[in-house]
Each structure stands twice: as structure tokens, then as C-alpha cells.
1. Compute the separation of the alpha-carbon centres of the stretch 73-88 and the stretch 1-66 and state it in Å as a whole number.
2. Multiplying the sequence separation of residue 25 and residue 60 by 0.36 nm and subtracting their Cα-Cα distance, what value in nm do you get?
3. Roughly what angle does helix 7-87 make with the longest principal axis of the chain, taking Cα atoms, 0 to 90 degrees, to the nearest 10?
4. Return the label of the correct value of Cα Rg over 2.2 N^0.38 Å, as calculated from the structure shown, out of (i) 2.13; (ii) 3.12; (iii) 2.20.
5. Between residue 32 and residue 85, 0.36 nm times their residue separation minus their Cα-Cα distance comes to what?
């Protein structure tokens, strides 16, 4: 069929096929870009959650350290009281 067509018709068919391939590849790239964008949003959400978890862990560590320091004074007072009771 193409053997009998003139050169202009052959070129037209060739360019038409080429345009269909380009349109398909363009559609695929747009779809892939949208998928990559959603993955980037997911990654940034995980990063933000990790930063918040790190901040919360720092607060817990500070609170535990403060509690440990504050528990030393009552312990010393109890020990002193017990020494006085034993001595009496």
C-alpha cells in the first residue's frame, strides 16, 4: 500500500506517526511529573514529622534531666533525716 503512495503521502503518514509517538511520550512525562511531585510532598511530610519528633525527644530529655536534678535534694533530706533518727 505504501509502495504505491506518492512521497508526499508517505511523509505525511510518517510525520503523523511521529506526532502520535511524541504526544504519547508527552502524556507519559506529564503523568510521571505529577507522580514525582506527590512523592516529593510525601517525603517533605515525613521530614517535617521527623523534625517534630526530634524536638519532642529533646523536650523529654530536658524534662528527664530536670527531674533527675530535682530529685537529688529531697533524697539528701531524707537521708539526713534517717541518719538523725538512727542516731537518736
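No lab work stands behind these numbers, since they all come straight from the coordinates. Bear in mind the structure is a predicted one, so any value in this text is a computation, not a measurement.
1. Between the Cα centres of the stretch 73-88 and the stretch 1-66 lies a distance of 70 Å.
2. Result: 7.4 nm gained on full extension.
3. 0
4. (ii)
5. 11.2 nm
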